[in-house]
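Working notes, beginning with the structure itself.
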Amino acid sequence: MKIRKIHHVAYRCIDAKQTVEWYGKHLGMGFVLAIAEDEVPSTGEPDPYMHVFLDAGGGNILAFFELPTQPPMGRDHNTPLWTQHIAFEVGSLQELLAVKDSLEAGGIDVVGVTDHALFKSIYFFDPSGHRLELAFNTATPEMMRRLDAVKWPMLEEWARTRKAPKHAAWMHDGSHAD
């Protein structure tokens, strides 16, 4: 078997209507579908919910559940806030900068533009506290070839030592821009 694509990725939200409107206004995502149930189809548990689906482009669907009878949303406090995020690709640096300006004009705090050598990105939070990233790819075919050549050695070294391997230090020492 080979997976064809991600059908959808689902997260919890505080308010389904607010979420649909926010993603439409700030990220241009269309509202695709809403499903509401009084019980969970897969388990039969009584748990009313609103499940909304948004068009994240390229056949990708981002979905959210509003769960009004569950305890308030939380997060994994053992995982740093910067770790868990949803990253979306944009088509140009100009588009990235325009969205950054628009978000900031809307009162949304934005971190970046951050240069990751392979892409440039910005970070911000949605109304439910999910960290989002918008990224514009800047990698060259040579950069990707170099990374492909060291991916397994890096992973093997990490598995043995749990220390960051230096096989791709060129990404962060500035020499990638040469």
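Some notes on this structure:
- Residue match in the stretch 35-45 (condition: in contact with an Asp or Glu (Cβ under 9 Å, 6 or more places away or on another chain) and surrounded by 14 or more Cβ atoms within 10 Å (Cβ to Cβ)): no
- Glu104 being among the acidic types (Asp, Glu), part of a helix (DSSP H, G or I) and free of Cβ contacts under 8 Å to residues at least 24 places away in the same chain: yes
- Residues in the stretch 73-97 that are part of a loop (DSSP other than H, G, I, E, B) and more than 15 Å from His130 (Cβ to Cβ): 5 in all.
- If you go through the stretch 50-72 and pick out every residue that is exposed (fewer than 13 other Cβ atoms within 10 Å of the Cβ) and either under 13 Å from Ser128 (Cα atoms) or in contact (Cβ under 8 Å) with a residue 12 or more places away in the chain (or both), you end up with 5.
- Among the residues of the stretch 95-109, the ones that are more than 9 Å from Phe136 (Cα to Cα), surrounded by fewer than 17 Cβ atoms within 10 Å (Cβ to Cβ) and in contact with a Leu (Cβ under 9 Å, 6 or more places away or on another chain) come to 1 in all.
- Verdict on Ser92 being surrounded by fewer than 16 Cβ atoms within 10 Å (Cβ to Cβ), hydroxyl-bearing (Ser, Thr, Tyr) and within 18 Å of the chain's Cα centre (by Cα): yes
- Count - residues of the stretch 1-39 that are in contact with a Pro (Cβ under 8 Å, 6 or more places away or on another chain) and not in a strand (DSSP E or B): 5
Throughout, read-outs are computed from the coordinates displayed, never taken from laboratory work. Since this is a predicted model, take the numbers as computed values, not measurements. Ideal geometry is used to build each Cβ from the backbone, glycine not excepted, and the neighbour counts take in all protein chains shown.
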